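J.: Pasting a structure here, questions to come.
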Amino acid sequence: MTEPIIEVQNLKKVFGDHEVLTDINLTVNAGEIVSIIGRSGSGKSTLLRNINLLEQPTSGDILFHGNSVLAPDFDITHYRAKAGMVFQSFNLFNNLTVLENVVTPQVTVLKRDPAEAKQHALELLNTVNMDPFINAKPDQLSGGQKQRVAIARAEAMDPEVLLFDEPTSALDPEMVDDVLAAMSNLAHTGLTMIIVTHEMAFARDISDRVVFMNDGVIAEEGTPEQIFNAPHEEVTQAFLKRYLNRA
Amino acid sequence: MTHKYWLFMIALLMTLGLAVAPGATTHAADNSTTLKVGMEANNAPFNWTQTSKANGAVKIDGASGYANGYDVQMAKQIAKQIGKRLVVVKMSWNGLQPALTSGKIDAIIAGMSPTPERRKAIDFTSTYYKTKLTIIVRKNSQYAKATSLKDFKGAKITAQLNTYEYDAIDQIQGVEKQSAMDDFSAMRVALTSGVIDGYIGEIPEGITAATDNKALSYINFSQQNGFKVSADESDLAIGVRKGSTLTGGINQELAKISQAKRNRLMKWAVAHLPATSSEDGNWFTTLLKQYGGMLLQGAGMTLLISLVGTVVGFLIGLLAGIIRTIPRPSTAGKRGLRALANWLIAIYIEVFRGTPMIVQAAVVYYGAAQAFGLNMNRTLAALIIVSINTGAYISEIIRGGITAVDAGQFEAAHALGFTHLQTMLKVVLPQAIRNSLPAVTNEFIVNIKDTSVLSVISVSELFFSAETVAGQNFQFFHTYLVVSGMYLIMTFAISRLFRLVEKHMAGPISYNLAENH
């Protein structure tokens, strides 16, 4: 599979006087798993939020299947349904139960039949082992449980691309594994995944390609072996050294 | 807030003011088949409210109870002669003139004298009753034997606000002039309790007070020892709009009614005053038996207005919340529209939060009629005013509720492809409403109490009914005690009810694990 699904071209994002993304060029192919690593504040999350249009790019372009998502006639609602997002802080809908969290978006956005949507939701909640909790409200769940529901919610939209914004950073260590397992189950099923993460071991195991970001630019990218075993750039080496020492 | 914004607001308010200012009077009503007559229905023996249609009483328009008295019988005769159907509209004394000039009523028959000040605003027919001033006193006081105004030196005397009786107090040398009071019922209570030594009224009021209350009597001054009043003041006439076509017809009919007939009618009126509460039996049961229906109807009206007002205000608040959170659109045209909508909402909130509801009621009801000839039903006007007023407050409450919802909730919904409206309806507002519910309950309770200001436009809510009852039975303390109990029951029931709703919205504390498949 070499057909590009998302192409980021000369993307620049400025908040006030602060340039967060300088000039980003990134092509992600359909079915590919790309991990984005780098220091906090290097622009990883901002890149992801621009791809999903939660932030409006200052300049540059983003293509989805070759079409600019910034074009005036582009169907953003449809695009967002096809490019799901999993957040660091889960963002489950607090007013809805676990089941409703997974059913409502399907019915609202995709206009799916409620019975069909429920069936789909139950299957997905089953794969993340959250089916016993379908009647619970988000407040009553642990962080790991919430994140697994959030993954099921994003999956339920049958997306082509899933964006993960530091999905395990807000979790206690013992809960991380369940969430990573849920993500591993999704990998190599044809779904395209872009993952912003600090879990280096996970990134190495799951990714087809790893992107290292530094100060608003992509400093280096390559296969996991290249980046983790033989990084070319000094900044990459310095960053990874700190992580490996810590481990 | 920018300077421009405030300049705009002030300009808008001034434009509104100018639009309402010209006192264009409406004449349309004069040609209708009904004769709408305004009176207090609380000024016996001229006019009073009773609970049945006995003795030829007339149903009061849009309220419970029947009006009767000298004025009502006079109005009946005149209406019949000029071929119109009589409609009696009950309103406060100070509401009579604006109601007439704004076309809410066609004539004032309320024991009103044609003073020069009043003649500037409205026209009067010829006299329909000629009266003389008296002072009503306690029978056991030193003033009971007075024969001349000189005997009232040092006495505490009052009269009704905005009447020539009140101005006449100045003719008594060395009198202790007290602040004016609202109506005769209040003055009678003040007199019996010893707060004042006497009050000035016309002879019919003297007859009525003395008949009603054995402890009171009135002084029949001779021509030279009594008050000097001009014919403008002692002669009671019927108020009509300036240049009204009714004047000629009414004057013709009045000419046919002789002085002897008028005196007989006044005697009849005094004799047929509704019986004041009998002393036997428990005051509480007597009050309920006699006026319970009227008070319950008033409570029903209060509940209706505050319920509709709160519900509609709540919907306005939700709508404002949806509009104010619309994300910044990409095209300039839509951005302009959004800015305009936000501006209008801000102005609406500032104006209706920044002016008293009693003033809004007067502007909407009397002002709209006077300036634009817009004749609104009183209950409808009340519903509109309370809804719009409450909407301004609830908009801000909901805004606070939305602010308290985590930004991640918006982001997650947008990231899933929800439109703004879907985001608000399915995710944000349910949470915002839960956050705002205690404050909305507060608004409802405030509305229950604040609808009492609507008595200014004569809406027969609970407070207006209470005034009527107290004006009939003179049991101020007992009546208002019962009425405060009724208010308390309503507000307490509402606060409990909403507590239940809050609990329900919070959902169960624990959840059941679903069975494993």
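Any read-out appearing in this document is the output of simple, stated calculations on the displayed coordinates, not a laboratory observation. Nothing here was measured: the structure is a model prediction, and the numbers come from that model. So basically every Cβ, Gly included, is an ideal-geometry build from the backbone, and we count neighbours across all protein chains shown.
J.: Taking N as the number of residues in region B:324-453, what is its Cα Rg relative to 2.2 N^0.38 Å?
T.: So region B:324-453 has a normalised radius of gyration of 1.30.
J.: How much length, in nm to one decimal, is gained on full extension between residue A:65 and residue A:198, taken as 0.36 nm per residue of separation minus their Cα-Cα distance?
T.: 45.0 nm
J.: Then there is this: On full extension of the chain, what length is gained from residue B:506 through residue B:177, given 0.36 nm per residue of separation minus the C-alpha to C-alpha distance?
T.: Once the chain is fully extended between residue B:506 and residue B:177, it gains 112.3 nm.
J.: Could you check the spin-label model distance between residue B:258 and residue B:145? Points 7 Å from the Cα along Cα→Cβ, value in nm.
T.: Each label point is offset 7 Å from its Cα along the Cβ direction, giving 4.1 nm.
J.: How many lysine pairs are close in region B:133-233, with Cα atoms under 21 Å apart and the two 8 or more places apart or on different chains?
T.: Lysine pairs, 8 or more places apart or on different chains, close enough: 18.
J.: Points 7 angstrom from Cα along the Cβ direction at residue A:40 and residue B:132: gap in nanometres?
T.: 9.7
J.: Each residue of region A:9-23 in turn: what ³J(HN,Hα) in whole Hz from Karplus with 6.51, -1.76, 1.60 and θ = phi - 60°, glycine and Pro shown as x?
T.: Listing the rounded values in order: 10, 6, 6, 10, 9, 10, 9, x, 8, 9, 8, 8, 10, 8, 6 Hz.
J.: Work out the FRET efficiency for residue B:331 and residue A:189 from their Cβ-Cβ distance, taking R0 = 45 Å, and round it to the nearest 0.05.
T.: 0.70
J.: State the Cα centre-to-centre distance between region B:377-445 and region B:154-174 in whole Å.
T.: First find each Cα centre; the distance between them is then 54 Å.
J.: Please list, ordered by chain and number, the residues whose modelled amide H lies under 5 Å from the amide H of residue A:217; skip anything fewer than 5 residues away on the same chain.
T.: The list, which skips near neighbours in sequence, is A:22.
J.: Another question, then. Need one number: nm distance between label points at residue A:56 and residue B:212, each 7 Å from Cα along Cα→Cβ, rounded to one decimal.
T.: Distance between the two pseudo-spin positions: 7.1 nm.
J.: Roughly what % of DSSP beta bridges within the protein assembly as shown run antiparallel, to the nearest 5?
T.: 55
J.: Next question. Using θ = phi - 60° and the Karplus relation 6.51 cos²θ - 1.76 cosθ + 1.60, list the HN-Hα couplings for region B:323-337 in order, rounded to whole Hz, with x at every Gly or Pro.
T.: Values, residue by residue: 5, 6, 9, 4, x, 4, x, 7, 8, 5, x, 5, 4, x, 4 Hz.
J.: Now for a separate question. Step through the residues of region B:127-141 one at a time and calculate ³J(HN,Hα) from phi using the Karplus curve (6.51 cos²θ - 1.76 cosθ + 1.60, θ = phi - 60°), rounding each to whole Hz and writing x for Gly and Pro.
T.: Rounded to whole hertz, the list is 4, 10, 6, 10, 9, 9, 8, 9, 10, 8, 9, 7, 4, 8, 9.
J.: Using the Cα centre of region B:133-233 as the reference point, and only Cβ charges (+1 on K/R, -1 on D/E), how large is the resulting charge dipole? Debye, rounded to the nearest 20.
T.: The dipole of region B:133-233 has a size of about 580 debye.
J.: To the nearest 500 deg cm²/dmol, what mean residue ellipticity at 222 nm is calculated for chain A from DSSP H runs of n ≥ 4 alone, each contributing -39,500 (n - 2.57), summed and divided by the residues?
T.: Rounded to the nearest 500, it is -11500 deg cm²/dmol.
J.: Specify the angular offset, from 0 to 90 degrees and rounded to the nearest 10, of the alpha carbon long axis of helix A:173-186 from the longest principal axis of the alpha carbons in chain A.
T.: 90
J.: Still on this structure: Kindly provide log₁₀ I(q)/I(0) values, in the same order as q = 0.11 Å⁻¹, from the Debye equation applied to equal alpha-carbon scatterers of region B:133-233.
T.: Debye output, listed in q order: -0.26.
J.: Taking amide H positions as placed 1.01 Å from N in the peptide plane, with prolines and chain starts having none, which residues 5 or more places from residue B:35, or on another chain, fall under 5 Å of its amide H?
T.: Here the answer is B:85, B:86, B:87, since their amide H atoms fall under 5 Å of that of residue B:35.
J.: With both partners inside chain A, how many of the DSSP beta bridges are antiparallel, as a percent to the nearest 5?
T.: 55
J.: Now a separate question. In whole angstrom, note down how far apart the Cα centers of region A:135-190 and region B:334-357 are.
T.: 43
J.: Something else: Starting from the coordinates of the alpha-carbon atoms of chain B, obtain the Kirkwood hydrodynamic radius over all distinct pairs and give the value in Å to one decimal.
T.: 26.3
J.: As a footprinting exposure proxy, order B:437, A:92 by other Cβ within 10 Å, with the fewest listed first.
T.: So the ranking, lowest neighbour count to highest, is B:437, A:92.
J.: Sum -39500 (n - 2.57) across every DSSP H segment of at least 4 residues in chain B, then divide by the residue count to get the 222 nm mean residue ellipticity, nearest 500.
T.: Rounded to the nearest 500, the figure is -17000 deg cm²/dmol.
J.: Restricting to Cα pairs below 8 Å that are 6+ residues apart, what does the relative contact order work out to for chain B? Please round to a whole percent.
T.: Once normalised by length, the contact order is 17 percent.
J.: Note the full-extension length gain between residue B:53 and residue B:319 as 0.36 nm times their separation in residues minus their Cα-Cα distance, in nm to one decimal.
T.: Between residue B:53 and residue B:319, full extension yields 91.0 nm more.
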